1. Straight-line reach from A:Lys685: which lysines fall under 25 Å, measuring Cα to Cα and dropping same-chain residues less than 8 apart?
2. List the residues, sorted by chain then number, that are 5 or more residues from A:His460 or on another chain and whose placed amide H is less than 5 Å from its amide H.
3. At q = 0.16, 0.19, 0.24 Å⁻¹, what is the log10 ratio I(q)/I(0) for region A:59-129, with the Debye formula run over Cα points and no solvent?
4. Gap in Å between the Cα centre of region A:651-691 and the Cα centre of region A:65-122?
5. Taking every DSSP beta bridge that has both residues in region A:262-384, what percent is antiparallel when rounded to the nearest 5?
6. Can you tell me the dipole magnitude for chain A around its Cα centre, using point charges on the Cβ only (Lys, Arg +1; Asp, Glu -1), in Debye to the nearest 20?
7. Relative to the compact globular guide of 2.2 N^0.38 Å, what is the alpha carbon radius of gyration of the protein assembly as shown, as a ratio?
8. Using a 10 Å cut-off around each Cβ of peptide A:771-777, what is the average number of partner chain Cβ atoms that fall inside?
Amino acid sequence: MASRPQSDAARAIIGAPTAMVDAPRKTSGAGAYTDDLAVPGMLHGKILHSHLPHARIRGVDAGAALALPGVRCVITGADAPTAYGVLPIGKDECALQPDKARYIGDNIACVVAESERIAAAALPLIRVEYEPLPAYFDPEAAMAAPAAGWLHDHRPRNIEKEYHHVFGDPDAALARAAAVCRNRYVCPAVTHAAMEPHATLARFEPDGGLTVWSSTQVPYYLHKTLARVLQMSMERIRVIKPMVGGGFGGKSEVCPLEIVAAVAARRAGAPVKITYSREEVFYTHRGRPLQLTELETGAAADGTILAVRARVIQDGGAYCGYGPVTLLYSGALLGAMYDIPNVRWDGYRVLTNKPACGAMRGHGTVNTRFAFEAQLDELAERLGLDPAELRRRNFLQPPCRTVNGLRVLSYGLPECLETVVAASGWRERRTGRAAGAPPAVNDGRGPRRADRASAPSRRHGLGVACSHYVSGAANAVDRADAIHSTVYVEAAAPLPAPAGGASGGGAASDAAPPAVAVLTGTAEIGQGSDTMQAQIVAAALGLPLAAVAVIAADSAITPMDLGSYSSRVTFMAGNAALRAAEDLKQQIAAALARRWNCDPEAIRCLGGQVLGPSGQALSFAAAVAAALPPGAAHLRGVGTYSPPREAQGGDFKGAGVGPSPAYSYSAQVAEVSVDEDSGQVTVHKIWAAHDCGRALNPVAVEGQVIGSVWMGLGQALSEEMAYTRSGQLANPGLLDYRVPTILDSPPVEAFIVESLDPEGPFGAKEAGEGSLAAVIPAIANAIYDAAGIRLYQPPFTPDRVLRALQARAAAPASGQAATAGQDQPETKPGPASGPPPPSPAGAPPQAGG
Amino acid sequence: MSLPSFQLHRPRELAEAVALWTEHGAAAKLLAGGTDLIPSLKQGLFAPDHLIDLGAIAGLTGISRAANGDWLIGAMTRIHEVAEDPILGREFPLLAAAAGQIASPVLRRMGTLGGNLCLDTRCLWYNQSYLWRQSCGFCLKKNGAVCHVAPGGRRCWAAFSADTAPALLVLDASVEIAGPAGARWLPLAELYSGAGDHPLRLGRGEILSRVRLPAAAAGMRGSYQKFRIRNSIDYPLAALALALRREANGAVTARLALTALNPAPVLVAGLERCLAAALAADPPDLAAVVQLVNRAAKPLSTSTVPADYRREMVLIQARRALEACLA
């Protein structure tokens, strides 16, 4: 059963809008991010990156660089030759490449100097002898490359991994479908663009131990990887995560600078800090891959979805990283939000000479979800159904298992959909696309400023789409039996009362010291994990929030947690924190039950007191003192979390990815208008409803939903990693990689739906990622409603939209949607993926491929 | 990310700045607001031994009126002051519109009018780091001999992308140039060379010090049309300014200029005659005027946004600006 807040005190904390516990540190500037740190004797590292996309390294001559005054040492691949990678099957990269560069930006050497300026000045003095190799920037071309063009010898035809999943009989089901849509979707790569660039400071201690401060979402994986590459025991290494300015997945695996700083500190005999430039953040990437999706969905005349078939190619870039996981997510969650009995999915993860991809908010699911939800809109039109109604007719009936073995217990999708349909005025305001229909709605604000002079009347359109996401992966990447999270809650013996007593007034009494400390390995990256655990522990122990101190992410003192990724922390660490608090409470209750001669179950923690069944009462501090074993200084409650076996999925190849103890759900409606002269799209409003189980902190949930919608809006409208024909990332900076500005950001109205998950802490599940995917198809579908064009490739930039409008105008009036400028099924790649001439000279950049 | 090392000069008099600039020549750079120069220094596009900061010079800022009624704007006047000055906004709304769409509010508080007019040309293949430029072979604007935009040619096509230049061109502005031989005035159009790799036609030691707006241009109708992907921060990808006045006798005074499409801002020649002919028809036939713009615009692949789309945009802008000013 769901743990529900039992007491008034708990209800005052759980579900109450709560300021982040680290807000004072952030808003005052007192908190330190990694780049803010400095230690005595600290040196600065700067990494030399490859300027060639694919080349054998014949030699590195650092003589001239070493001769520059202020340069202490130069390290190369030979200094850290042990390969690593986040997956057991993908340990294919070195912090500095010893023999081969695989993309423009790959890591070759590191200069350590007395200042960053000196290190930067030394970089061009390093002579690297390269032997160029043929390079591939398009995944389909890379799959046909001769052996000289294979990035890794152990990956023939540059296929990192392929999977083929068949559930039910999709071919037969499609053959009897009343309507089948088939399309090819191209989603170019996008990246996280977190505000804080990656930074690491590494210091060897006099006793030979290593301390590393790093901007990471995964201190535990960093800890293990440092031990592996530096060949030290984990006990000799201490990893500390300072404040982190956003991750979004970009810091969810070990990044080269984290290893390089440690190796450099060992070589230099002094602490070394490395902070990436923004350009280096782009080269480190680990973001959402370019994905080619051939998708086919068939439904019966009543709208029942009979089957879906998908062929997915992900362009993974130069290294494995999370690759197979990203790929498997694109299939595992394809058919798992609705009741789809027949699914075929073929997935290919391909290596190309571009920055490596990885996890990014909505990991692996976003591009497939865009394709599927956009295709549902077409399917609804073919069947003459309202797109919201089509979705309604295909809801799961939980508790249930999807066809690919995912266990679904709580399912707030129906309420999410009803909420946004009602709030947006969907039924009244969406006319459905009919030629010559009048503008559906007019918000009175008119078109954007530059067009105000004489823009034609712009018709508004509405589009709907849904999405979902895991509340943590049920299977850890490296160990099937892993404990996913451990949390300690400690209460120390109270200090003696200060001399002078309470009458002394003022200073001591106002700032009562925290009553308990939460020790947790979770990585607060701005998402609110410290606040969440403080709330849970406070609620469980009947304490005010201010009585709980959170100590997090220092491997020397906090227990293990897998990290902040896959939206796992609230569900998993939240449960561990709840169990740790309950363990502490049981210790107190057991002791007081003996004293009060009552049933320990009858003892409650409430309002800073511990209460017995017959009016007995002790302050929490006095109760802790009473419960301390002789000689003990503190009580420690321990809580752990591992996902239940029933939530860990099936046993087919690749079944490990997708299972989660619980899933979040989102439904959204977007309102847009299209300037039909210029192709410019304006998003006027997004209504977003998210089922997070229970909103432990509603203001944090709303922030996550709005942030997810906004990030999806960027992928929908303006964000894209564009590459030149010679494999350069054309826009490695925040001027040309265009995240939306506030002027491009419509109002987002967030609605919280609480389905009370039976296994979540107080019923909670994830809130930070599931709302991202829906916004892209919601906008695409709204563009169709406004302008009658189907778009198969985000971002929906004005040039792409104008080409589609022109094709619509040129198309015969068949009633079919215009699709020109956008690829259609069965044919070969679209504009994003021409053949890859590995030409030395530049040529105009191409989207995506 | 560190700046390269240089010696910083902060002259208090314009003459002192001219003397330093004359002395150090190519080994120096002028710093106005720095919003474009500083990122370029970090990217290694310049490695000056000397940086001459114009920010401490008295008399280079402010908006004033000359005896003959012309308007004078100091080169170091911040862009937000130009955009938000109420009197300037009433007399020259076009200039306020163009200045008000530059970059973002924070950058407009740093950037200066003179800096905007002297903005370096921009190109996908140029505004990049050393590593990036090395990876495709250095281009002829910086360290190299090839042009990645027009690989056969020897000309640099980097796009001049300032917003205020087309507005000031159509308002018939002139600029004061201080130099070792004293000050001279020249029409704004003559400031620009048309070559992407050395866009300004200035001699050694010369500094743009003031902008003059003729009283005759006050009160003209204007339209500034700017295309960019985001509604803030972005440089224009195609933009157009039109100033127009219908005289009492029915004649039309009109000027139209483009930016972000060519290596210099372009004052479209022959507009008035063409427009007069267009207006003689009933209803007015603007196609020939749009065609004039089409011939003047030379967008090339200097950006990730396709050049052919930028061309289509400027034609839409021309039509919209004309319709707005003729309405």
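1. Answer for A:Lys685, where 25 Å is the Cα cut-off: B:Lys226, listed by chain and number.
2. For A:His460, the qualifying residues are A:Ala440, A:Val441.
3. -0.59, -0.76, -1.04
4. 39 Å
5. 50 percent
6. My answer is approximately 360 debye.
7. In units of the globular-protein estimate, the protein assembly as shown measures up at 0.99.
8. Counting other chains' Cβ atoms within 10 Å and averaging over A:771-777 gives 0.
None of the figures in this text is laboratory data; all of them are computed from the coordinates on show. Remember, it's a predicted structure, so these values are computed and weren't measured experimentally. Please note: Cβ atoms are built from the backbone with ideal geometry, for glycine as well, and neighbour counts cover all protein chains shown.
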